[in-house]
Amino acid sequence: MMPQEPNKVDIHFIKSGDFRTAYINGVFGGFTPRGQLNIDFFSERIPIPTKISYVANQQDQDKVEMKEVDREGKNGAVREFHFGVIMDMDTAREMRAWLDDKLRQYDEAVEATLK
């Protein structure tokens with residue numbers, strides 16, 4: 001094994017047992033009573049029905065037509081919250097810098113493809 005450089009620090013990345021990836025298209029949050037930032041991530045979608053009723057009509061020996069006659073459930077839209085994070089202001093600033101860097105990289109890549 002080779003000796004490690006004096007100022008080198010190895011950081012290992014390990015996913016916890018409850019790690020997951022979620023599609024999100026919105027955030028909601030604010031500050032905790034201790035002054036930390038709370039961010040809850042959600043996705044918006046139409047509501048899933050709780051029940052749909054059909055009438056079955058026999059068309060012939062091999063075909064049955066199903067016609068929806070009733071639907072129960074919520075109207076409007078649903079914001080389904082997937083997870084939340086709480087962080088101090090230093091971490092929030094680091095996260096903002098990271099996001100700004102990723103957005104800059106994305107914009108440069110898109111611009112390069114347009115040339």
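Laboratory data are not the source of any read-out in this text; all were calculated from the coordinates shown. Just so you know, these numbers come straight off a predicted model, no measurement behind them. Here Cβ is always computed from backbone atoms with ideal geometry, including for glycine, and neighbour counts include all displayed protein chains.
Looking across Lys67, Lys115, one residue alone is farther than 30 Å from Ile52 by Cβ and either under 19 Å from the mean Cα position of the chain (by Cα) or of a type in the set (D, E, K, R) (or both). It is Lys115.
Can you pull out every residue in region 14-47 that is touching a residue at least 12 places away in the same chain (Cβ under 8 Å), acidic (Asp, Glu) and over 24 Å from Asp90 (Cα atoms)? The one that is touching a residue at least 12 places away in the same chain (Cβ under 8 Å), acidic (Asp, Glu) and over 24 Å from Asp90 (Cα atoms): Glu44. Scanning region 34-73 for residues that are surrounded by fewer than 10 Cβ atoms within 10 Å (Cβ to Cβ), within 28 Å of Ile24 (Cα to Cα) and out of contact with any strand residue (DSSP E or B) (no Cβ under 7 Å at 6 or more places or on another chain) returns Arg34, Gly35, Ile48.
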